[in-house]
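A.B. asks: Just passing along the structure, written as structure tokens.
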Amino acid sequence: MLPLTLHSYLCARMKQVKKLPKHLREAQIPTDRTHLISDPVRKPRQRYVQKDGKCNVHHGNVQETYRYLSDLFTTLVDLRWRLSFFIFTLVYVVNWLFFGFLWWLIALIRGDLLHADEEGWTPCVENLNSFVSAFLFSIETETTIGYGYRVITEKCPEGIILLLVQAILGSIVNAMMVGCMFVKISQPKNRAETLMFSHKAVISVRDNKMCLMFRVGDLRNSHIVEASIRAKLIRSQQTKEGEFIPLNQTDINIGFDTGDDRLFLVSPLIISHEINEKSPFWEMSRAQMEKEEFEIVVILEGMVEATGMTCQARSSYLDSEVLWGYRFTPVLSLEKGFYEVDYNNFHDIYETNTPTYSAKELSARLKESPLLPHLPLLSPDLRQHTDPFSTQTTQDEREKDGEKPAETNNGSANRLEKNP
């Protein structure tokens, strides 16, 4: 009897719900009070440079558009492919139509169109009796096809002059349009597609110094010649006088003074920026960096070995893509007679013990204590892959030799006790 009563109750409840208005049956819209109570959602940052290297900047309200025509060649090269094909076809067709009209006009003024069938009449161009034939003769002249049906005669000086003008202008048009197409096809933009940047940038300790690192690699066997890399910090700031500077650019030193910015990019390399007194991250701790809004733009330049043209690849890292306390997984291994790069691990990182305070505070602590016993050389993840019996074996050997077994906390602490 109980299941029947429950079923009847549910049916009655559903009928009451169906009788309610539609706006009451639908999900309630959260009010302003609900938004205040809920946790604030961090809005996604707008990139200055996309991950694929495209600059996210659009030029608006450009009034001096004539400046684009002053550099017409570059304007044609920068056009999209569909516009380039359209202009390429349009220029040739208009050129042929223009000179075809001039040939037809000469024939009309001379009377060749009226007296073409009369015997003894010498026209300017033989077998030119309409505008269509004049258009075909213009195409044959400029493309040097030469079918032999329509030819110019020697008793037409104006036709000879027009032939010279069309030959010269036609060569200029060919040189310009073919040159634009050649430069557009041979642009090294596609070469940058095989240059890789790691998805994340990391911050960890290297040689007792806090470093910002990211990885670059080249997928092709033909290398980038004279490769160099640089980085920019994009961050809005306000001066002491109250001036607001949006998207201010600051240089990030990644080896300019030591030559480390010039790369031999045969295998993937980890680019390191030492966070020192001149670094914009000198006084930033982990907590402060999580509150900051910035973007790091990295630019890799070099010459393509096959063509000799300059190639540039760009990428960027938002503040959310800079991870504190991580390192990159090694990708290079030694095989029989060669080194092998495993690009499956190119973007992989692992967590490592890193102090959460700033590089400035780390430097101050290092001056007080030169060694950092609290920073292990290996991360906890990598320690799991070491041999657990190696330490025990060493201790057993020392006990056999009559030596006292060493403590397992840290060898550097023992050296500090001996050499205070």
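The values are calculated or read from the model by the stated rules, or taken from the named source; none is laboratory data. Treat the numbers as computed from the prediction; the structure is a model and nothing was measured. Neighbour counts are summed over all protein chains in view; Cβ atoms, including those assigned to glycine, are modelled from backbone coordinates with ideal geometry. Please note that ligands, DNA and RNA were not included when accessible areas were found on the heavy atoms of the full protein model with its side chains. Shrake-Rupley method; radii C 1.70, N 1.55, O 1.52, S 1.80 Å.
A.B. asks: Quick check on my filter: what residues within the range 167-226 are under 30 Å from residue 152 (Cα atoms) and in contact (Cβ under 8 Å) with a residue 24 or more places away in the chain?
C.D. replies: 167, 169, 170, 173, 176, 177
A.B. asks: If you go through the range 64-83, how many residues are at pLDDT below 80 and not in a helix (DSSP H, G or I)?
C.D. replies: 2
A.B. asks: Something else now. List every residue pair whose Cβ atoms sit under 7 Å apart, with the two residues 6 or more apart in sequence or on different chains, where the first one lies in the range 350-370 and is at pLDDT 90 or above and the second, anywhere, is part of a helix (DSSP H, G or I) and buried (at least 16 other Cβ atoms within 10 Å of the Cβ).
C.D. replies: Going by the 7 Å Cβ cut-off, the qualifying pairs are 355/362.
A.B. asks: Would you mention how many residues in the range 266-283 are in contact with a Lys or Arg (Cβ under 9 Å, 6 or more places away or on another chain) and either in a loop (DSSP other than H, G, I, E, B) or free of Cβ contacts under 8 Å to residues at least 24 places away in the same chain (or both)?
C.D. replies: Total meeting the criteria: 7.
A.B. asks: Further, regarding this structure: Restricting to the range 136-150, what's the tally of residues that are assigned to a helix (DSSP H, G or I) and crowded, with 18+ Cβ neighbours inside 10 Å?
C.D. replies: 5
A.B. asks: Let me ask another. Has the range 298-306 got any residue that is crowded, with 17+ Cβ neighbours inside 10 Å and assigned to a loop (DSSP other than H, G, I, E, B)?
C.D. replies: Scanning the range 298-306, I find no residue that is crowded, with 17+ Cβ neighbours inside 10 Å and assigned to a loop (DSSP other than H, G, I, E, B), so the answer is no.
A.B. asks: Scan the range 115-132 for residues that are at pLDDT below 90, in contact with a helix residue (DSSP H, G or I) (Cβ under 9 Å, 6 or more places away or on another chain) and open to solvent by 80 Å² or more (accessible area, probe 1.4 Å) and jot them down.
C.D. replies: 129
A.B. asks: Which condition from (1) within 30 Å of residue 185 (Cα to Cα); (2) open to solvent by 100 Å² or more (accessible area, probe 1.4 Å); (3) modelled with pLDDT under 85 is the one that residue 86 breaks?
C.D. replies: (3)
A.B. asks: Let me ask something else about it. Scanning the range 56-81 for residues that are surrounded by 12 or more Cβ atoms within 10 Å (Cβ to Cβ) and touching a residue at least 60 places away in the same chain (Cβ under 8 Å), which turns out farthest from residue 293 (Cα to Cα)?
C.D. replies: Top of the filtered list is 76.
A.B. asks: Return the pair list, or none, for Cβ contacts closer than 6 Å from residues in the range 240-265 that are without any contact (Cβ under 8 Å) to a residue 12 or more places away in the chain to residues that are polar (S, T, N, Q) and open to solvent by 100 Å² or more (accessible area, probe 1.4 Å), at least 6 apart or on different chains.
C.D. replies: Listed pairs, sorted by first residue: 244/238.
A.B. asks: Quick one: would you say residue 13 is over 40 Å from the mean Cα position of the chain (by Cα), open to solvent by 70 Å² or more (accessible area, probe 1.4 Å) and at pLDDT below 85?
C.D. replies: yes
A.B. asks: Also, I was wondering about something else. Looking only at the range 253-260, decide whether some residue is under 25 Å from residue 357 (Cβ atoms), out of contact with any strand residue (DSSP E or B) (no Cβ under 9 Å at 6 or more places or on another chain), surrounded by fewer than 17 Cβ atoms within 10 Å (Cβ to Cβ) and modelled with pLDDT under 95.
C.D. replies: No, the conditions are met nowhere in the range 253-260.
A.B. asks: Further, regarding this structure: Counting only residues that are over 16 Å from residue 271 (Cβ atoms) and either hydrophobic (A, V, I, L, M, F, W, C) or within 17 Å of the chain's Cα centre (by Cα) (or both), which one in the range 200-219 is modelled with the lowest pLDDT?
C.D. replies: 219
A.B. asks: Tell me, which residue of the range 93-125 that is in a loop (DSSP other than H, G, I, E, B) and touching a strand residue (DSSP E or B) at 6+ places or on another chain (Cβ under 8 Å) is farthest from residue 163 (Cα to Cα)?
C.D. replies: 112
A.B. asks: Could you list, in sequence order, the residues of the range 318-329 that are among the small types (Gly, Ala, Ser) and open to solvent by less than 20 Å² (accessible area, probe 1.4 Å)?
C.D. replies: 325
A.B. asks: When the range 206-231 is examined, which residues are found to be assigned to a strand (DSSP E or B) and either open to solvent by 60 Å² or more (accessible area, probe 1.4 Å) or touching a Ser or Thr at 6+ places or on another chain (Cβ under 6 Å) (or both)?
C.D. replies: Passing the criteria: 206, 209, 211, 213, 214, 215, 226, 230.
A.B. asks: Taking the range 330-365, which residues are open to solvent by 50 Å² or more (accessible area, probe 1.4 Å) and assigned to a loop (DSSP other than H, G, I, E, B)?
C.D. replies: 330, 336, 337, 342, 347, 348, 353, 356
A.B. asks: Out of the residues in the range 133-183 meeting the condition of being closer than 17 Å to residue 99 by Cβ and charged (D, E, K, R), tell me which one is modelled with the lowest pLDDT.
C.D. replies: The selected residue is 150.
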